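Undergrad: Before I ask anything, let me first share the structure, which is written out below as structure tokens.
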Amino acid sequence: MYDRYQGLIFDMDGTILDTEPTHRKAWHEVLARYGMTFDEAAMVALNGSPSWHIAQSIITRHQADLDPHQLAAEKTRAVETMLLDTVRPLPLIEVVKAYHGRRPMAVGTGSEHRMAESLLRHLGLFHCFDAIVGADDVLRHKPEPDTFLRCAELMGVPPEKCVVFEDADFGIQAAKSANMAVVDVRTL
């Protein structure tokens, strides 16, 4: 079905891996330490954003005096302790398996590179990808196109010959800005 594309790029959280419930649990745990909560709809709207950006939004909403990078680091530590025990691949992983060895593939995620690599290794999927681009690998994050453009560059495929699989509005916007085809996996 995707044979017309030279390169396939996958978002990770919520697209190929079922990590969202664990991320939310980690946010609840960390924010409770500070007497804060998050609005579920606002969190969904920020899907695909790096953790520090989500932390900044939460801090602003609560008018708290916290460093968003410190809060994001606390959340990352919390999620790391939970995730390896809970993460599962989502059905789209079958597309990854079908195209492994047939097309260059990359992961372009709002998670940190180290976390993405750790999860993919844990699930035996790391070898399927030619490149991983995490939030700490680019300066401008989704909805900017930098994550996906870097994926295309590392795969050696022109952006207009790539398709991106995404589950978040920011990621879809980033793919379109990168002049790439996009599949909204929420509609599959």
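Undergrad: So, His23, is that one under 13 Å from the mean Cα position of the chain (by Cα) and either assigned to a helix (DSSP H, G or I) or free of Cβ contacts under 8 Å to residues at least 12 places away in the same chain (or both) or not?
TA: The answer is yes for His23.
Undergrad: Does the range 89-109 include one or more residues that are aliphatic (A, V, I, L, M) and more than 22 Å from Arg186 (Cβ to Cβ)?
TA: No.
Undergrad: I've got another one for you. Looking for whichever is in contact with a His (Cβ under 8 Å, 6 or more places away or on another chain), open to solvent by 50 Å² or more (accessible area, probe 1.4 Å) and over 19 Å from Ala45 (Cα atoms) here; the options are Asp130, Asp136. Which one fits?
TA: Residue meeting the stated conditions: Asp136.
Undergrad: Scan the range 169-180 residue by residue and report those that are open to solvent by less than 30 Å² (accessible area, probe 1.4 Å) and more than 22 Å from Glu20 (Cβ to Cβ).
TA: Of everything in the range 169-180, those that are open to solvent by less than 30 Å² (accessible area, probe 1.4 Å) and more than 22 Å from Glu20 (Cβ to Cβ) turn out to be Ala178, Met180.
Undergrad: Of the residues in the range 33-91, how many are surrounded by 15 or more Cβ atoms within 10 Å (Cβ to Cβ) and in contact with a Pro (Cβ under 9 Å, 6 or more places away or on another chain)?
TA: Looking only at that region, the number is 12.
Undergrad: For residues that are among the acidic types (Asp, Glu) and in contact with a strand residue (DSSP E or B) (Cβ under 9 Å, 6 or more places away or on another chain), scanning just the range 139-168, find the one that is surrounded by the most Cβ atoms within 10 Å (Cβ to Cβ).
TA: Only one residue fits best here, namely Glu166.
Undergrad: Can you name the number of the only condition in (1) part of a helix (DSSP H, G or I); (2) touching a His at 6+ places or on another chain (Cβ under 9 Å) that Ile58 fails?
TA: Here Ile58 meets the rest and fails (2).
Undergrad: Further, regarding this structure: Can Arg103 be described as exposed (fewer than 15 other Cβ atoms within 10 Å of the Cβ) and assigned by the TED database to the domain that holds Ala181?
TA: When the stated conditions are applied, Arg103 does not pass them.
Undergrad: Do you know which residues across the range 154-174 are in contact (Cβ under 8 Å) with a residue 60 or more places away in the chain and within 10 Å of Asp11 (Cβ to Cβ)?
TA: Val164, Phe165, Glu166, Asp167, Ala168, Phe170, Gly171, Ala174
Undergrad: Condition test on Asp13, is it touching a residue at least 24 places away in the same chain (Cβ under 8 Å) and of a type in the set (D, E, K, R)?
TA: yes
Undergrad: So, one more: Have a look at Gly35, Gly48 and point out the one that is without any contact (Cβ under 8 Å) to a residue 60 or more places away in the chain and not in a helix (DSSP H, G or I).
TA: Gly35
The values are calculated or read from the model by the stated rules, or taken from the named source; none is laboratory data. For clarity, every value in this text was computed on a predicted model and none was experimentally measured. Neighbour counts are summed over all protein chains in view; Cβ atoms, including those assigned to glycine, are modelled from backbone coordinates with ideal geometry. Remember, those area values only see protein heavy atoms, side chains included, never the ligands or the DNA or RNA. Shrake-Rupley method; radii C 1.70, N 1.55, O 1.52, S 1.80 Å.
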